[in-house]
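The values are calculated or read from the model by the stated rules, or taken from the named source; none is laboratory data. Worth saying up front: this structure is predicted, and the values here are computed from it rather than measured. With ideal geometry, Cβ positions are generated from the backbone for all residues, glycine too; neighbour counts draw on all protein chains shown.
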Amino acid sequence: MGASKARGDNYRMATSKKNKKSLKDDDLNDLKQELDMDEHRISLEELYMRLSTDPVNGLTAEQAKTRLERDGPNALTPPKTTPEWVKFCKQLFGGFSLLLWFGAVLCFIAFSIETSTYEEPPKDNLYLGIVLTAVVLITGCFSYYQEAKSSRIMESFKKMIPQTAMVTRGGVKIEAPAEALVVGDLIDVKFGDRVPADIRIIAASSFKVSCKFLAQINWGFEYFYLDVYFMAFYRGPPDLLTSLLSMLV
C-alpha cells in the first residue's frame with residue numbers, strides 16, 4: 001500500500017494505454033494506467049541511486065518532507081461515498097428491476113379494472129403483482145447487502161495498516177506515523193509488525209510472511225537467509241513475523 005497519489009517522478013517508469021477517441025469527463029475515471037515497476041529486479045546500488053537514498057543513513061528530514069508534499073501521505077484514498085439510501089434505491093429501481101416494477105404496476109391496474117367490472121373478479125393479476133413486487137424487494141435487498149459488504153473491504157484494509165513504523169532518517173532511527181513514510185525510506189520491521197507500505201527487502205536474518213489477512217487462511221512463506229541481501233518486493237499488507245531491513249519503493 002503505497003502513497004495514495006501516483007508516483008510521477010523519474011524513478012518510476014509508467015506506460016498508459018489511452019483510447020484515441022474522445023473521452024468524456026466521466027470516462028476518464030475508468031482510464032487505467034499500467035506501471036512497469038522494476039524496483040525488485042534492479043541491483044541495490046542502482047536502486048539507491050534512483051531513489052537518492054543513503055544505504056546507511058537513509059533520507060534526510062528535508063528529503064522526506066519534500067517527497068511527502070509531492071506524493072502525498074502513505075494511505076489509501078477511499079472513493080467518494082454515495083448515500084446509503086441512494087444505493088438502496090438504485091438496487092430497487094435500477095436496471096431490470098424497473099421492468100419488474102412496471103409489470104407489477106400493470107398487474108395492479110388490471111386487477112383494479114377487473115374489480116370495477118366484475119362482482120367477483122379473478123385475482124390472478126393481484127397475485128402476479130404481489131409476486132413481482134416481492135421478487136423486486138427481495139433481490140434489491142440482497143443486492144444492496146452484497147454491495148455494502150463489498151464496500152467494507154476498504155475499511156478492512158485500513159485496519160491492516162500499522163499506525164507507526166520504525167524508519168531511519170539522517171542516520172537516526174525514529175518512530176514515524178505510517179502515513180508519513182515516503183519513497184526511499186529505510187524501514188526496520190521486527191517480529192509481529194505489519195509491512196507499512198510497498199517495500200523491497202534488502203537485508204534479513206530470518207523471517208516468515210503470514211498472508212492470513214489477505215487469503216483469510218493461516219498460511220505463509222518462510223525464508224531463512226543469514227547475512228545476505230534478500231531481494232524481494234511485496235505489495236499489500238502481509239504480516240512480517242521476524243526482523244528485516246527494507247526500503248520503501
May I ask you to list the residues in the stretch 30-64 that are at pLDDT below 50 and surrounded by 10 or more Cβ atoms within 10 Å (Cβ to Cβ)?
Leu31, Gln33
From the residues in the stretch 195-222 that are among the charged types (D, E, K, R) and crowded, with 18+ Cβ neighbours inside 10 Å, which one is modelled with the lowest pLDDT?
Asp198
Within the stretch 88-108, identify whether any single residue is among the hydroxyl-bearing types (Ser, Thr, Tyr) and farther than 30 Å from Asp185 by Cα, and answer yes or no.
yes
Considering each of Glu179, Glu147, Glu175 in turn, give the residue that is within 35 Å of the chain's Cα centre (by Cα), under 30 Å from Gly58 (Cα atoms) and touching a residue at least 60 places away in the same chain (Cβ under 8 Å).
Glu179
